[in-house]
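Undergrad: The structure follows.
Values quoted throughout were computed directly from the atomic coordinates according to the rules given, and no laboratory measurement underlies them. All values reported here derive from a predicted model rather than from experimental measurement. Cβ placement follows ideal geometry from the backbone for every residue including glycine, while neighbour counts extend to all protein chains displayed.
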């Protein structure tokens, strides 16, 4: 065999090997990412039900319908409200805990693990626990009554006024530990020299935190805010297990409505359109975060 | 200042652990809930008027005599007058939770006493026979109940019966059923009556397969990205990373349609295949491989080893820390996943434990102790994994965060 040809053979073999190595990802990407994304766009422009194969092209009318659909708009505003309240609350509490944890205390890992525990427990289990806590004769009402408050004997999740707020409290509780861990890592990577210098200059702790820690921690804060927002926009499990969107759609969210529309009412064309609205929201947050991070580095 | 910091830390620690603790402690309550536990159930203290009493307590034989003595009233059984015993109505109760029955006695002569249960199908089974010597003063008696040894329908017991044999007068008062507390029965009940055993099996199969798949396939792909040179490498890799950002809800409808077309709904394949190669895993393994020295593979290549040999025999054994981070994180994520399993399974037998728990609460009449026992079953495996591998789980999260 001529040596030149052998070289070609080796090259081709190299290519084939590389291809075989990335093949699992390629297959999985095409089937579970590329195909769904493309197919979703197509379905979102039809009146496909999901039950039969009948479908008719309807253009953008599913999207137009979404923004006229009272329930969807309620879901949208609930989701935004949820994100706008829980994300800042979670960020502030977890940053506060992280600052406490990195202030040179003993048993740091023990505390950190304790705070983190709720974030490994599944949302369904967490929801069950809080379903009990919020129930009419549950621990929360028992506590409030023993403190002398006159609380009505009904579940906190059964009233339009308190349901969404109760789920927000639960969500903040379950998420804080996760972000605390991220902030602790962020705080520990900050340069110590600056702190030494500030101390020599006689700066107070609050001044140090405001003038040095916060600006340096900005990339971490941005990252935490953006992944938490993305996660919160997708809130589903809590709603599905605790309230099913009720009472009177007061806890309806985008993804829960998507589930309702696609898999209960079987309007998958409309469901796909809602999924795409969600996709664009998430995309916008990602791009916004990237832009802000780039601005930081310049 | 120090004290304040510790006080705050402990305060938050209590808040973050208390709900989970409530779940555990409620799971062991026999009836009621944690703050209103039903441990003792008074069948009758014979203080109510006779007509009210008769709705709960029936005489066996002729009607019983209600005696009032000072402040206390009680029932008098006298076989000579035709009152052989008492039957206490229990509705249709599950007696597995019972520990024992307690009552107060007084008797004038030696008697035999028989205690039995009757189920809703009218089967009567005695579980204690006691010979009573004359007791002039009130004495509390305790009779243990061992539901496991009984042959009647212990889930639906309608009556507790106390009968006497022999001549003499027996006074009886304050008949009380006492539950076992703490009890493991809620767990037994959940595993036996719902399919929680099966759910656990499903979750384990799906999680273990996803973990193995991720460990193998993600490292395979990561090897190519770390060690091979090919066209569009960086473009493809940024494609890998950007798929991390796509919300799973966007892809669920087409995936559902595909799985139904392939007849894979309600199979393990539907739950495992979409999770087999994850972008996070590829990212994590590539990071790790890239910091391993290339001299090792070059030396192996000299010895004539191919790419797969280098990957399998050299890089993988050196990557145990990264592999364990990936494995544990995949396990936790798959075990806790809700959205995909909810949509890709419809039959009861194929539910994962999360879906089983969510639907158990939605579709059944539940009591708080059984629901908390079910939650414990679904949550405990992950809590144990966390307690063992806390360090690895946290470092997995930090690895994922570094990419920002």
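Undergrad: Sorted from largest down, what three extents in whole angstroms do the Cα atoms of chain B have along their principal axes?
TA: 104, 64, 41
Undergrad: Once you have the Cα-Cα distance between residue A:209 and residue A:160, take 0.36 nm times their residue separation minus that, and quote the gain in nm to one decimal.
TA: Once the chain is fully extended between residue A:209 and residue A:160, it gains 13.6 nm.
Undergrad: In nm, what is the difference between 0.36 nm times the number of residues separating residue B:143 and residue B:309 and their Cα-Cα distance?
TA: This chain segment gains 52.7 nm when fully extended.
Undergrad: What FRET efficiency would be calculated for the residue pair residue B:388, residue A:143, taking the C-beta separation as r and a Förster radius of 45 Å, to the nearest 0.05?
TA: The value I calculate is 0.85.
Undergrad: For a quick check: sort A:103, B:92, A:155 by the number of other beta carbons within 10 angstrom, fewest at the front.
TA: By the 10 Å Cβ count, ascending: B:92, A:103, A:155.
Undergrad: Okay, moving on. Under 8 Å for C-alpha pairs, at least 6 residues apart: give me the relative contact order for the range A:117-176, rounded to a whole percent.
TA: For the range A:117-176, the relative contact order is 34 percent.
Undergrad: Taking Rh as the Kirkwood radius, which is the inverse of the mean 1/r over Cα pairs, what is the Rg/Rh value for the range A:1-99?
TA: Dividing the radius of gyration by the Kirkwood radius yields 1.31.
Undergrad: May I ask for the Kirkwood hydrodynamic radius of the protein assembly as shown, worked out over all distinct Cα pairs and given in angstroms to one decimal?
TA: Its Kirkwood hydrodynamic radius stands at 29.9 Å.
Undergrad: Using the Cα atoms of the range B:188-402, I'd like the radius of gyration and the largest Cα-Cα distance, Dmax, both in angstrom.
TA: Rg and Dmax of the range B:188-402, Cα atoms, are 19.9, 69 Å.
Undergrad: Can you give me the distance in nm between label points at residue B:48 and residue A:196, each placed 7 Å from the Cα along the Cα-to-Cβ direction?
TA: Going by the 7 Å Cα→Cβ label model, 8.1 nm.
Undergrad: Using the alpha-carbon atoms, what tilt in degrees (0 to 90, nearest 10) does helix B:2-27 show relative to the longest principal axis of chain B?
TA: 60 degrees
Undergrad: A further question follows. Just how far, in whole angstrom, is the range B:118-187 from the range B:1-72 if you go by their alpha carbon centroids?
TA: Here the two parts' Cα centres lie 20 Å apart.
Undergrad: Now for a different question. At 0.36 nm per residue, and after removing the present C-alpha to C-alpha distance, how many nm does the segment from residue B:11 to residue B:67 gain when stretched out fully?
TA: Once the chain is fully extended between residue B:11 and residue B:67, it gains 14.5 nm.
Undergrad: So how tilted is helix B:196-213 from the main axis of chain B? Cα-based, degrees 0 to 90, rounded to 10.
TA: 10 degrees
Undergrad: Sticking with this one: Ranked by Cβ crowding within 10 angstrom, fewest neighbours first, how are B:348, A:12 ordered?
TA: If I rank by nearby Cβ atoms, fewest first, I get A:12, B:348.
Undergrad: Continuing with the same structure: Give me the angle, in degrees from 0 to 90, between the Cα long axis of helix B:368-402 and the longest principal axis of the Cα atoms of chain B, rounded to the nearest 10.
TA: 20 degrees
Undergrad: Label points 7 Å out from Cα along the Cβ direction at residue B:320 and residue A:103: separation in nm?
TA: Going from the residue B:320 label point to the residue A:103 one covers 4.0 nm.
Undergrad: Further question on the same structure: Go ahead and set up a Gaussian network model of chain B, Cα springs under 10 Å, then flag whichever of B:374, B:27, B:299 fluctuates most.
TA: Maximum fluctuation in the GNM of chain B, among the listed residues, is at B:299.
Undergrad: Using only the Cα atoms of the range B:237-345, what do you get for the radius of gyration and for Dmax, in Å?
TA: Gyration radius and largest Cα-Cα distance of the range B:237-345: 17.8, 51 Å.
Undergrad: What is the distance in Å between the Cα centres of the range A:77-137 and the range B:330-404?
TA: Cα centroid of the range A:77-137 versus Cα centroid of the range B:330-404: 17 Å apart.
Undergrad: Largest first and to the nearest Å, give the Cα extent of chain A along each principal axis.
TA: 84, 57, 33
Undergrad: Quick one: compute a quarter of the convex hull surface over the Cα atoms of the range B:40-180 and quote it in nm².
TA: Averaging across all directions leaves 7.9 nm² for the Cα convex hull.
Undergrad: So what's the convex hull volume per residue for the Cα atoms of the range B:219-282, in Å³?
TA: 106 Å³
Undergrad: As a footprinting exposure proxy, order B:388, B:164 by other Cβ within 10 Å, with the fewest listed first.
TA: Final ranking by Cβ density, sparse to dense: B:388, B:164.
Undergrad: Can I ask one more? Zone of residue B:364 (label point 7 Å along Cα→Cβ, backbone N under 15 Å): which residues in the range B:153-192?
TA: Under cut-off, by backbone N: B:185-192.
Undergrad: Quick one: Kirkwood hydrodynamic radius for the range B:116-232, alpha-carbon pairs, angstrom, one decimal?
TA: 20.7 Å
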